[in-house]
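S.K.: Could you have a look at this structure, given as structure tokens, before my questions?
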Amino acid sequence: MACSATAKILQPLSIRSAEKSESCGKMLSPSSFLGSTPLPKKLFSVNKTISPLARRSATIVAVSSDVVKEKKLKSTQNLLITKEEGLVLYEDMYLGRAFEDMCAQMYYRGKMFGFVHLYNGQEAVSTGFIKLLKKEDCVVSTYRDHVHALSKGVPARQVMSELFGKTTGCCRGQGGSMHMFSKEHNVLGGFAFIGEGIPVATGAAFTSKYKREVFKEDCDEVTLAFFGDGTCNNGQFFECLNMAALWKLPIVFVVENNLWAIGMSHLRSTSDPQIWKKGPAFGMPGVHVDGMDVLKVREVAKEAVSRARRGEGPTLVECETYRFRGHSLADPDELRDPAEKAHYATRDPITALKKYVIENKLASEAELKAIEKKIDEEIEEAVEFADESPVPERSQLLENVFADPKGFGIGPDGKYRCEDPKFTQGTAQV
Amino acid sequence: IRSEARTISGAINGSRKTGKVITKAVAAQAESPASAASKPGHELLLFEALREGLEEEMDRDPRVCVFGEDVGHYGGSYKVTKGLAEKYGDLRVLDTPIAENSFTGMAVGAAMTGLRPIVEGMNMGFLLLAFNQISDNCGMLHYTSGGQFTIPTVIRGPGGVGRQLGAEHSQRLESYFQSIPGIQMVACSTPYNAKGLMKAAIRSENPVVLFEHVLLYNLKERIPDEEYVLSLEEAEMVRPGEHVTILTYSRMRYHVMQAAKTLVNKGYDPEVIDIRSLKPFDLYTIGNSIKKTHRVLIVEECMRTGGIGASLTAAINENFHDYLDAQIVCLSSQDVPTPYAGTLEEWTVVQPPQIVAAVEQLCK
């Protein structure tokens with residue numbers, strides 16, 4: 001089924017103001033989105049069954065788009081994206097997917113170790129949001145951060161190198177899969193503990209506000225905090241929703257609700273599974289969007305990001321999405337119902353965008369294939385680069401513990417320990 | 001590289017709120033009004049010294065800001081930030097909701113993006129709630145990001161055993177934080193070093209935890225008018241001597257000095273060093289002292305198990321074993337949740353008679 005927007009889409013978001021606390025995200029109209037079955041009109045009511053399929057079929061969608069089955073589009077004016085945008089989105093999603101698939105290969109070949117969490121299936125959220133950002137905007141993520149880093153602009157070779165533990169990695173091999181940082185591209189991590197990054201994101205948003213109000217700069221930088229459904233039961237989440245709304249910080253809280261926290265179903269751990277509802281409780285709009293549809297995500301993101309830029313404060317966006325693989329490469333993924341997985345496989349965001357682009361004549365199959373080829377080569381090159389890069393020397397061991405290495409203190413001989421020649425060799429006693 | 005200012009803290013005029021057993025911290029020197037006026041510098045209390053240091057740094061660098069509960073309109077529960085919100089505004093002196101872990105994390109995020117925040121724990125004990133952020137983010141992010149992001153935060157607050165504040169308000173977190181890689185810890189004990197360490201901590205690119213003590217905020221001292229910044233890594237020689245090295249920090253410095261009076265009367269000559277830098281240790285000053293006296297007594301308020309004294313004992317044994325004529329003696333607080341009752345609380349911390357006895361034992 002093709003999906004396109006009509007003029008109606010220009011009221012895409014039911015982002016409610018802070019005063020109204022009734023439920024946001026009521027169904028605007030029955031929506032069919034790329035590849036899925038149409039939804040019934042009723043509001044979701046919590047039921048005790050665990051069957052995610054049944055639950056999902058009653059979900060509300062905030063952004064609606066009409067199905068245009070018969071009509072052919074006369075012009076691209078009614079489309080959500082231009083050709084250039086479509087190609088950018090496609091390339092970014094394909095990059096995310098190809099990269100993660102390559103990670104899996106490399107892991108099983110023994111090139112990377114530890115905990116590696118792959119993003120397959122969730123690309124629409126990363127691409128939908130991050131491609132709207134400027135370089136100065138900040139992104140904070142969790143351990144499932146490879147694709148967020150890639151979308152933000154960190155070169156694939158640097159991320160792959162980091163995963164291989166090489167010194168040319170974005171964090172010099174010191175961070176690893178779960179700690180992707182980039183000062184140049186304003187990726188503030190990569191955090192292993194869930195919820196740990198949300199205050200950091202709040203702080204980055206605070207700096208943006210500080211720059212405006214104390215330095216009197218013309219600063220409209222925005223921060224995006226990505227985290228999952230499991231995090232939404234964590235104290236730091238709620239504490240930061242409060243502070244962000246209180247001080248109207250320029251931040252968007254993006255929940256990637258993929259229904260599973262390792263093996264814990266969202267429905268088994270959350271008293272009210274509708275996460276978007278928690279936004280209005282703190283005085284910010286809560287929006288629910290289909291996270292398998294990059295165009296919908298992008299529309300919601302546009303509104304949330306520009307809200308933040310205008311100084312109107314934070315937004316909580318719940319993206320309903322799904323991860324095609326297990327929680328990590330070590331997860332046997334036995335608990336999830338194969339029917340559920342099959343259902344979401346039919347809603348692959350990349351396939352859906354491809355279909356949209358082709359059916360709306362934004363680009364040809366050949367152009368998309370060319371992009372895929374380019375990306376495949378880029379990934380191959382990234383692996384080669386990572387393979388050939390050197391492993392860190394011992395001298396790197398002590399280098400970045402302190403920004404000011406005087407922090408290692410004064411040794412018995414009266415000199416600062418960092419002045420010891422063995423310090424640069426990584427063998428000094430500290 | 002040594003600090004710009006060395007100090008020998010002489011007599012400190014002041015009294016402290018404390019239990020009935022100990023009346024004066026150190027020997028008071030009577031100052032006639034005439035001599036007071038002619039001396040350079042100005043007199044103030046320790047919390048005012050902290051505030052002065054903070055204010056000077058906030059004037060100097062607009063990126064410096066303060067986060068904490070009741071730091072703004074209330075002026076800080078110990079008045080360290082009094083008046084600052086009026087002067088700098090509500091954003092630079094931010095009254096936070098009661099969410100230690102989150103606002104400490106917020107400070108980390110702000111530090112990563114260019115600000116220099118100071119986090120005040122209303123009581124150091126509350127920072128246990130922020131342990132996740134202090135350990136994982138303050139301490140580690142510079143390293144895990146491969147050196148890309150610096151976290152120039154200062155985390156400070158009053159800790160230590162007060163006057164019958166109960167177990168949870170009487171905690172000494174220096175032992176809990178000391179293993180966190182990537183942070184520095186300092187403890188101030190006089191108005192002079194409080195101001196100097198505050199300024200140094202703010203200027204440092206490393207995350208620094210500054211331990212203040214609830215009972216020391218009203219100490220009065222005359223400090224210089226000129227600007228000065230102390231070194232975060234150096235220890236302070238309080239009283240030079242020949243017979244025994246007494247290493248201490250924070251409030252116990254005053255118990256030691258009180259014991260020192262008694263010891264001097266008995267004919268001993270103790271050398272008292274306020275180690276100030278709890279992590280890393282200033283092994284140069286400490287080592288020089290040990291090489292001279294060959295006997296070490298550590299007096300601390302930390303718990304016995306895994307405390308600063310325990311680490312210091314290990315470090316001294318490793319580095320200066322050959323210079324020791326006797327086993328290192330470490331007097332710490334009892335491994336007991338600080339009781340409310342005044343008498344019990346007294347027996348939890350080290351008292352001057354115990355210090356005197358330990359020195360006599362050591363010097364036999």
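S.K.: Alpha carbons only, please: Rg and Dmax for the range A:251-341, in angstrom.
M.R.: My reading of the Cα-based Rg and Dmax gives 14.9, 46 Å.
S.K.: Follow-up. For the range B:140-223, build the convex hull from the C-alpha positions and give me its volume per residue in Å³. Before the final figure, lay out the partial values.
M.R.: Working: hull volume 6.7 nm³, N = 84.
Per residue, the Cα convex hull of the range B:140-223 comes to 79 Å³.
S.K.: Looking at the range A:202-275, which GluC sites (Glu not before Pro) are DSSP coil and have at most 15 other C-beta atoms within 10 Å of their C-beta?
M.R.: Working: sites: A:Glu213, A:Glu217, A:Glu221, A:Glu239, A:Glu256; in loops: A:Glu217, A:Glu221.
Those satisfying the criteria are A:Glu217.
S.K.: So what is the calculated 222 nm ellipticity per residue for chain B, using -39500 (n - 2.57) for each DSSP H run with n of 4 or more, over all residues, to the nearest 500 deg cm²/dmol?
M.R.: Helix contribution divided over all residues of chain B: -9000 deg cm²/dmol.
S.K.: Can I ask one more? Run through the range A:118-221 and list the trypsin sites (Lys or Arg not before Pro) located in a DSSP loop whose Cβ has at most 12 other Cβ atoms within 10 Å. All intermediate terms of the calculation are to be shown ahead of the outcome.
M.R.: Values: sites: A:Lys131, A:Lys134, A:Lys135, A:Arg144, A:Lys152, A:Arg157, A:Lys166, A:Arg172, A:Lys183, A:Lys209, A:Lys211, A:Arg212, A:Lys216; in loops: A:Lys131, A:Lys134, A:Lys135, A:Arg144, A:Lys166, A:Arg172, A:Lys183, A:Lys216.
Of the trypsin sites (Lys or Arg not before Pro), the ones in loops of the range A:118-221 whose Cβ has at most 12 other Cβ atoms within 10 Å are A:Lys134, A:Lys135, A:Lys216.
S.K.: Something else: Assuming R0 = 56 Å, can you tell me the calculated FRET efficiency for the pair A:Ala366 and B:Ala341, based on Cβ-Cβ distance, to the nearest 0.05? Kindly include the intermediate steps, with their values, before the conclusion.
M.R.: Working: r = 85 Å, r/R0 = 1.51.
With R0 = 56 Å, the Cβ-Cβ based efficiency is 0.10.
S.K.: How about B:Lys279: which aspartates and glutamates have a C-alpha closer than 17 Å to its C-alpha, ignoring those fewer than 8 places off in the same chain?
M.R.: A:Asp404, B:Glu174, B:Glu205, B:Glu212, B:Glu233, B:Glu234, B:Glu236, B:Glu300, B:Glu301, B:Glu318
S.K.: Separate question: Taking the radius of gyration and the Kirkwood hydrodynamic radius from Cα positions alone, what is the Rg/Rh ratio for the protein assembly as shown, to two decimal places? Provide the component values of the computation, followed by the final result.
M.R.: Numbers: Rg = 30.1 Å, Rh = 28.7 Å.
The Rg/Rh ratio comes out at 1.05.
S.K.: Per the 1.4 Å probe, what fraction of the accessible area of the protein assembly as shown, in percent, lies on carbon and sulfur atoms? Kindly include the intermediate steps, with their values, before the conclusion.
M.R.: Working: 15780 of 29550 Å².
Of all accessible area on the protein assembly as shown, carbon and sulfur atoms account for 53 percent.
S.K.: Something else: Please list the non-local residues whose amide H lies under 5 Å from the amide H of B:Gly68, H modeled 1.01 Å from N, same-chain partners needing a gap of 5 or more.
M.R.: B:Leu94, B:Thr96, B:Glu120
S.K.: Of the beta bridges DSSP finds with both residues in the protein assembly as shown, what % are antiparallel, to the nearest 5? Mind showing how you got there, number by number?
M.R.: Values: 14 of 69 bridges.
Percent antiparallel among DSSP bridges in the protein assembly as shown is about 20.
S.K.: Accessible area per residue, 1.4 Å probe, Å², for the range A:348-430: what's the number?
M.R.: Solvent-accessible surface per residue comes out at 51 Å².
S.K.: When Cβ neighbours within 10 Å are restricted to other protein chains, what is their mean count per residue of peptide B:280-286? Please list the in-between numbers first.
M.R.: Details: counts 10, 3, 5, 7, 8, 2, 2.
Partner-chain Cβ atoms within 10 Å, mean over residues of B:280-286: 5.
S.K.: Let me ask something else. Give the aspartates and glutamates reachable from A:Lys209 as a straight Cα distance under 13 Å; neighbours fewer than 8 places away on the same chain don't count.
M.R.: Filter leaves A:Asp137, A:Glu217, A:Asp218, A:Asp220, A:Glu221, A:Glu312, B:Asp90.
S.K.: So for the pair B:Gln164, A:Ile262, with labels modelled 7 Å out along Cα→Cβ, what separation do we get in nm?
M.R.: Reported label-point gap for B:Gln164 and A:Ile262 is 4.8 nm.
S.K.: Measuring with a 1.4 Å probe in the full set of protein chains, what accessible area per residue, in whole Å², belongs to the range B:212-364?
M.R.: Numbers: 5670 Å² over 153 residues.
Heavy-atom SASA per residue in the range B:212-364 reads 37 Å².
S.K.: Report the equivalent ellipsoid semi-axes for chain B in whole Å, largest first, defined as the square roots of five times the eigenvalues of the gyration tensor built from alpha carbon atoms. Please list the in-between numbers first.
M.R.: Details: eigenvalues 202, 109, 82 Å².
After scaling each eigenvalue by five and taking roots: 32, 23, 20 Å.
S.K.: Moving on to the next point. What total accessible area, in Å², is buried where chains B and A meet, using a 1.4 Å probe and rounding to the nearest 100?
M.R.: Working: alone 15020 and 18980 Å², together 29550 Å².
That pair hides around 4500 Å² of surface in total.
S.K.: Using 21 Å as the Cα-Cα cut-off, could you pick out the over-long pairs in B:Lys266/B:Lys291; A:Lys135/A:Lys369; B:Lys195/B:Lys220; A:Lys131/A:Lys354? Numbers along the way, then the final one.
M.R.: Values: B:Lys266/B:Lys291 23 Å; A:Lys135/A:Lys369 28 Å; B:Lys195/B:Lys220 13 Å; A:Lys131/A:Lys354 17 Å.
As for pairs spanning more than 21 Å Cα to Cα, those are B:Lys266/B:Lys291; A:Lys135/A:Lys369.
S.K.: Could you work out how much longer the chain between A:Glu334 and A:Gln425 gets when fully extended? Use 0.36 nm per residue separation minus the Cα distance between them, nm to one decimal. Don't jump to the answer; show the numbers that get you there.
M.R.: Values: separation 91, 0.36 × 91 = 32.76 nm, distance 4.67 nm.
Length difference between fully extended and current span is 28.1 nm.
S.K.: Still on this structure, I have one more. Kindly provide the pair-distance distribution of the range A:371-430 built from C-alpha pairs, with 10 Å bins from 0 and whole-percent values in order of increasing distance.
M.R.: Calculated over all Cα pairs of the range A:371-430, the distribution is 21, 31, 15, 16, 13, 4, 1 percent.
The values are calculated or read from the model by the stated rules, or taken from the named source; none is laboratory data. Remember, it's a predicted structure, so these values are computed and weren't measured experimentally. Using ideal geometry, Cβ is built from the backbone for each residue, glycine included, and neighbour counts are taken over all protein chains shown. Only protein heavy atoms, including side chains, enter the accessible area calculation; ligands, DNA and RNA are left aside. Shrake-Rupley method; radii C 1.70, N 1.55, O 1.52, S 1.80 Å.
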